[in-house]
Amino acid sequence: VSATAWLTQFLEVLAALALAPLFLGWVNACRAWLQNRRAPSLLLPYHGIRKLFHKDAVIATNASPLFRMAPYVVFGAMVAAAAVIPSMGTGLPFRSAADAIALVGLLAIARVFMSLAAMDIGTAFGTLGARREMMVGFLAEPALLMIIFVASLISATTALPLISERLAVQAPALYPSLAFTAVAFTMVLLAENARIPVDNPATHLELTMIHEAMLLEYSARHLALMEWAAALKLFNYACIGFALFVPWGASLGEAGVLALAVSIPALGAKLAIAGVWLALLETVSAKLRVFRAPEFMATAFMFAVLGLLVHLLLGA
Amino acid sequence: MPPVDSPLAACLALLAGWALVGVAGLLRPASITFVGRVLFPLGAVLGLGLAIVALSALGGPVERATLAVGLPDLPMHVRLDPLSCVFLALLGGASVGVSLFASGYFRKGEGTAPGLMGLQYHLFLASMGFVLLADDAYAFMVAWETMALTSYFLVTTQHGIPEIRSAGFLYLLMAHLGAIAILLSFGILQGGTWLFSFDAMRASTLTTPWATAAFVLALVGFGAKAGLVPLHVWLPEAHPAAPSPVSALMSGIMLKTAIYGVLRVTFDLIGDPLWWWGLIPLGLGLATAVFGVVFAAVQTDMKRLLAYSSVENMGVLFTGIGLAIVFHGVGMNELAALALVAVLYHSLNHAFMKSLLFLGTGAVLHATGERNLGRLGGLIHRMPWVGWLTLVGVLAIAGLPPLNGFVSEWLLLQAFLFSHEVPKPFVNMLLPLGAAVVALAAALAGYVMVKFFGIVFLGQPREPSLAQAHDAGGFEKAGLAWLAGGCVLLGLLPNQVIAALGTATTQLIDVAPASAGQSWWLLTPLPERAVSYAPLVLLAVIAGVIAATFLTVRLVYRRPVRRAPPWDCGFARLDPRMQDTAEGFGQPIRHIFGTFFEMERELPSPLDAAPRYRVVVGDRFWKALYAPIAALVQRAANSVAWLQQGRISVYLTYSFITLVVLLAVML
């Protein structure tokens, strides 16, 4: 493993940590513009996180150590996930330690700990949020796994950087199976990141919220870590999407520093477009009733399975 | 008899030791101190010995012996080969934790006397060991029946309760239906030689229809023991009825004897299974997995929830077996080895995880006297040891890396990923869809486990009496810690485990999984395909990031932590009953998988002064399958009942007619 590979690995994790709040700010800004509002500062998420870190933490009287531990575990899992996703280059040294299935596992760790922490205080909203989060998760997780499966079948490996590399070097053909899975992936991304139509990131209307309901009891540095982890999750999902569906631009394999330098603006461009696309999707769709969310997720799962079938039928 | 210093003799001696420990309990049957503090720890030591002997014998030669017991002309044969070694190690290793826990578990005045309980418990262990060693149908069936009977008595420990009596009866009935199917399977396997040793069965060749019949009968017989749908109905009744250490043995270990049996019959006795046989356990396994986990999600009794989760895991195991048969049948032996290793690995994992969880519920049951999830909550404060050790099991069974449940799931998914290469049209398109079902079941298992842990250990206590709950005693903690340690080690050292399991796959299909012996930390099950997993690295990275984050936050932002009451949204009368109940947490599943359930609901009207909500979720199989069969049996019994006249003269007439008929036939 070359020094460039380690550099890529290091830069990638650093970029994820640093750019995740910016990406969130960008999506929010785009959404505001599309909705004819004045956009908040792109840097607002950074300010929020910084402000939270400087506050006194308040914790419920009956919180267990699990509650204080959870933000660190969730954050740790998200950073580890960022280390497996080839956002800039595919020659990551960490890629043999955790493949795409382990990546899904890492995302599951975050989800389970967040839900357990939400149940820890024992308020009605906390448990409600935990239940809904797990409800969305148990359909989203297999859907994501099936999406990765389709890509794995095309590229004969489950290591995400290798999948991305093999997809990138193939002639740019339109895979019908990937088209199905791209739809499924978009749906999973929206659901897993608490975006409209499944959840509303801006809501504090108690009866409809999922993600926010789980965080109600968190404050100060714990909340900052949770919010940062949520931003990282959105960033990670976006980068998984790039790795699977627009793998071009990332530096491939053992390519040199020059390719790495090219990959940084490429990532920036992809993120900028993804932000607009996300904001557009959120603007044109309406929030679903919570009971309809399973249907949305089941549709995503079916699309992913359909993608798998299409691949097996057509071999493409 | 085997030579005294051989591993086989050591195994037999350890099993005999278990039996003796059990019998010793009869010396002072009422003494909890003697049985609990002396005999059960001794049983744990014997279990540890068995695990060590079995592991050290793994690479050794196959040993066989003929015992001087049994019927005239039909002595018992025993044999120690890698497959038995793997399962003996599972039995020994997991039983250490259960026996340690049991040492501190039994209390005065709980049903059967402790000495008698100790006898049944240790005979149960010994009979499971003998099932794994038996090398002829006679010895196997004797051990199998002893296993069923001892566990029946253990299930009905609290026989004063009618539900437990009927659960025990159902268990006994299903166990015997299964045993009949296994017996018939052996009857076919001897292939007209009338020799019932397994060696004779290996040597005999069967025509395809007969071999298929033997396979199907074995699948039915062992499937009844494993709780394969639709033969699962006894499992969620019987496993929770038993005392918790016994539930742990039954779910953790006894179910694995069914896996052992299927593997033994299919790959060893029949020898070369046809590829399409695999589709039967594959389909049934997938159905069982989803069925089990969906039902687990709606349970309100913590032990029933775990029992349904066992049904799910058995489904996953049968799925793996089916996949292995398909791969083996079409000659893709490398992938067959991968699927088989996934099966053996998951058996081992499930033995540790499920025993741990059942013991955790046992500790909770003792501390609170409650099994109903709706009356628990907040126990992590009162019982930190039990809570945190159970959390390890919960995370493991939810399939989260880097714990053990993830590894076997990962191996199975990898095997599925290449199932499209099976050179059979249509089947190669349907097989990969199985992965979708396995993934769905695994994700639902996460849901179930969050429900289980969150409602029992987190939140606020739902009853005031829970404030008196106390943590488990020393023996109980040791038992839980042993099993939790097993979960962690099995998760972190997959290569070492796979190298050990590889000896069994070599025995069964002549191929060892390629990963064994390549690297001690990087798992690469298929070298020419770029798939790998390194749990130690993953753990190091996560732990490193967590530690770095924690230290940075601590160093830079040293603001104090204040405690305050939870936020009540301005509604100042929050109480613990406003938390989600078990029914509430299961609601989305009832909503989404409504067609699975037989549901009975009572909804309150908005005007009710004392609103009551009640929901009963039942199994459709009862009405659709079991009730008609029961009615049929009843009708058949009634229609022959007229024979029973209750007058001696009539019965003498029957004897006379029988004799005349027999004479007529003979002459």
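Quickly estimate the mean residue ellipticity at 222 nm for chain B, helices only: each DSSP H run with n ≥ 4 gives -39500 (n - 2.57), and the total goes over all residues, rounded to 500.
It lands at -21000 deg cm²/dmol.
I'd like to know which of B:605, B:570, B:591 lies farthest towards the positive end of the charge dipole of segment B:564-610, counting +1 on Cβ of Lys and Arg and -1 on Cβ of Asp and Glu.
B:570
Any idea what angle helix A:220-245 forms with the longest principal axis of chain A, computed on alpha-carbon atoms, 0 to 90 degrees, nearest 10?
That helix lies at roughly 20 degrees to the long axis.
Let me have the relative contact order for chain B, percent, based on Cα pairs under 8 Å that are six or more residues apart.
Relative contact order here is 12 percent.
Heavy-atom accessible area per residue, chain A, 1.4 Å probe: how many Å²? Please list the in-between numbers first.
Working: 10470 Å² over 316 residues.
Accessible area per residue: 33 Å².
Using packing as a proxy for protection, rank A:11-23, A:125-137 so that the peptide with the highest average count of other Cβ atoms within 10 Å comes first. Could you put the intermediate results ahead of the total?
Numbers: A:11-23: 19.5, A:125-137: 25.9.
So the peptides A:11-23, A:125-137, ranked by packing, come out A:125-137, A:11-23.
For residue B:621 and residue B:194 in the same chain, what is the full-extension length gain: residue separation times 0.36 nm, less their Cα-Cα distance, in nm?
Length difference between fully extended and current span is 149.9 nm.
Hey, which lysines would be in cross-link range of residue B:354, C-alpha to C-alpha under 23 Å, not counting anything within fewer than 8 residues on its own chain?
B:225, B:256, B:303, B:451, B:477
For segment B:521-667, just the Cα set please: Rg and Dmax, both in angstrom.
In order Rg, Dmax, the Cα atoms of segment B:521-667 give 34.9, 103 Å.
Hey, got a sec? Which chymotrypsin sites (Phe, Trp or Tyr not before Pro) in segment B:185-286 land in a DSSP loop and have at most 11 other Cβ atoms within 10 Å? Write out the running numbers ahead of the final one.
Values: sites: B:186, B:194, B:196, B:198, B:210, B:215, B:222, B:234, B:260, B:267, B:275, B:276, B:277; in loops: B:194, B:196, B:234.
Loop-located and lightly packed - B:194.
For chain A, take the longest principal axis of its alpha carbons; what is the angle in degrees between that and the long axis of helix A:293-314, to the nearest 10 within 0 to 90?
The angle comes out at about 10 degrees.
Rounded to the nearest 20 debye, what is the charge dipole size of the protein assembly as shown about its Cα centre when +1 sits on each Lys and Arg Cβ and -1 on each Asp and Glu Cβ?
Numbers: 56 positive and 49 negative charges, 478 e Å.
About 2300 debye.
Take the Cα atoms of segment A:1-80, find their three principal axes, and give me the spread along each one in whole Å, biggest first.
49, 43, 20
Return one number: the angle in degrees, 0 to 90 and rounded to the nearest 10, between the long axis of the Cα atoms of helix A:65-84 and the longest principal axis of the Cα atoms of chain A.
That works out to roughly 20 degrees.
How crowded by other chains is A:207-219, given as the mean number of beta carbons from other chains within 10 Å of each beta carbon?
Values: counts 0, 0, 0, 0, 0, 0, 0, 0, 0, 3, 3, 0, 4.
Partner-chain Cβ atoms within 10 Å, mean over residues of A:207-219: 1.
I'd like the carbon and sulfur percentage of the solvent accessible area for segment B:597-667, probe radius 1.4 Å, heavy atoms only, ligands and nucleic acids excluded.
On the way: 4190 of 6130 Å².
Its accessible area is 68 percent carbon and sulfur atoms.
If you take the beta carbon distance between residue B:333 and residue A:156 as r and set R0 to 25 Å, what does 1/(1 + (r/R0)^6) give as a FRET efficiency, to the nearest 0.05?
On the way: r = 19 Å, r/R0 = 0.77.
Working from the Cβ atoms, E equals 0.85.
With label points built 7 Å along Cα→Cβ from the Cα atoms of residue B:20 and residue B:521, find their separation and express it in nm.
Here the answer is 4.6 nm between the modelled labels.
For the protein assembly as shown, report the translational diffusion coefficient in µm²/s to the nearest whole number, using Stokes-Einstein at 4 °C, 1.567 mPa s, and a Kirkwood Rh over Cα pairs. Don't skip to the end; give the middle numbers.
On the way: Rh = 29.6 Å.
The Stokes-Einstein estimate is 44 µm²/s.
Would you work out the relative contact order for segment B:325-437, in percent, from Cα pairs under 8 angstrom that are 6 or more residues apart?
That works out to 30 percent.
Heavy-atom accessible surface, probe 1.4 Å, ligands and DNA/RNA ignored: which residues of segment B:491-539 lose at least 30 Å² versus the isolated chain?
Hits at the 30 Å² cut-off: B:530, B:532, B:538.
Chain pair B, A: how much accessible area is buried, both chains summed, with a 1.4 Å probe, in Å² to 100?
Values: alone 28750 and 13810 Å², together 35800 Å².
Interface between B and A: roughly 6800 Å².
Solvent-accessible area per residue for segment B:556-667 at a 1.4 Å probe radius, Å²?
Dividing the accessible area of segment B:556-667 by its residue count gives 78 Å².
Give, rounded to the nearest 20 debye, the magnitude of the charge dipole that chain B has about its Cα centre when Lys and Arg contribute +1 at Cβ and Asp and Glu contribute -1 at Cβ. Write down the numbers at each step before the final one.
Numbers: 37 positive and 33 negative charges, 370 e Å.
Result for chain B is approximately 1780 debye, rounded to the nearest 20.
By accessible area of protein heavy atoms, probe 1.4 Å, what ranking do A:72, B:152 get, highest first?
B:152, A:72
For segment B:394-507, what is the charge dipole size about the Cα centre, in debye to the nearest 20, if Lys and Arg each add +1 at the Cβ and Asp and Glu each add -1 at the Cβ?
Approximately 120 debye in magnitude.
With the full set of protein chains in place, find how many percent of the accessible area of chain A is carbon and sulfur; take the probe as 1.4 Å. Walk me through the intermediate numbers first.
Details: 7410 of 10470 Å².
C and S fraction of accessible area: 71 percent.
Take peptide B:409-416, look around each residue's Cβ out to 10 angstrom, count Cβ atoms belonging to other protein chains, and average those counts. If you can, show how the numbers build up before the last one.
Details: counts 2, 5, 0, 0, 7, 4, 0, 1.
Going residue by residue through B:409-416 and averaging, the value is 2.
Give the distance, in whole Å, between the Cα centre of segment A:54-72 and the Cα centre of segment B:157-206.
Taking the Cα centre of segment B:157-206 as reference, the centre of segment A:54-72 is 55 Å away.
Return one whole number: the accessible area per residue of segment B:221-302 in Å², for a 1.4 Å probe. Write down the numbers at each step before the final one.
Details: 1170 Å² over 82 residues.
So segment B:221-302 comes to 14 Å² accessible per residue, rounded to a whole number.
Modelling each spin label as a point 7 Å along the Cα-to-Cβ direction, I'd like the residue B:268/residue B:506 distance in nm, to one decimal.
1.7 nm
Pulled fully out, how much extra length does the chain show between residue A:2 and residue A:14, if you take 0.36 nm times their separation in residues and subtract their Cα-Cα distance? Present the calculation step by step, with values, prior to reporting the outcome.
Working: separation 12, 0.36 × 12 = 4.32 nm, distance 1.87 nm.
That works out to 2.5 nm of additional length.
Select from A:266, B:19, B:411 the residue farthest towards the positive end of the dipole of the protein assembly as shown; place +1 on Cβ of Lys and Arg, -1 on Cβ of Asp and Glu, and compute about the Cα centre.
A:266
Which percent of the accessible area of segment B:393-527 is formed by carbon and sulfur heavy atoms (probe 1.4 angstrom)?
Values: 2620 of 3780 Å².
C and S atoms contribute 69 percent here.
Which of the peptides B:639-648, B:293-302 is most tightly packed, and how do the rest follow, judged by the mean count of other Cβ atoms within 10 Å per residue? List each step's numbers first, then the result.
Details: B:639-648: 8.6, B:293-302: 24.4.
Put in order of decreasing packing, that is B:293-302, B:639-648.
How about segment A:99-115: which of its residues lose at least 20 Å² of accessible area in the presence of all protein chains relative to their chain isolated, using a 1.4 Å probe?
A:99, A:101, A:102, A:105, A:106, A:109, A:112, A:113
What residues does segment A:275-316 have that are buried by at least 10 Å² of accessible area in the full protein assembly compared to the chain on its own, 1.4 angstrom probe?
Residues of segment A:275-316 that lose at least 10 Å² of accessible area once the other chains are added: A:291, A:294, A:301, A:305, A:308, A:309, A:312, A:313.
Using square roots of five times the C-alpha gyration tensor eigenvalues, list the equivalent-ellipsoid semi-axes of segment A:60-112 in whole Å, biggest first.
Numbers: eigenvalues 162, 20, 11 Å².
In descending order, the three semi-axes are 29, 10, 7 Å.
With label points built 7 Å along Cα→Cβ from the Cα atoms of residue A:69 and residue A:207, find their separation and express it in nm.
3.7 nm
Can you tell me the length gained on complete extension of the stretch residue B:159 to residue B:562, counting 0.36 nm per residue apart and subtracting the Cα distance? Intermediate results must be reported in sequence, preceding the final value.
On the way: separation 403, 0.36 × 403 = 145.08 nm, distance 5.16 nm.
Separation in residues times 0.36 nm, less the Cα-Cα distance, equals 139.9 nm.
The values are calculated or read from the model by the stated rules, or taken from the named source; none is laboratory data. Since we're looking at a predicted model, the values are computed, not measured. Methodologically, a virtual Cβ is constructed for each residue, glycine included, from the backbone with ideal geometry; neighbour enumeration extends over all protein chains shown. Protein only, heavy atoms only, side chains kept; ligands, DNA and RNA dropped before computing areas. Shrake-Rupley method; radii C 1.70, N 1.55, O 1.52, S 1.80 Å.
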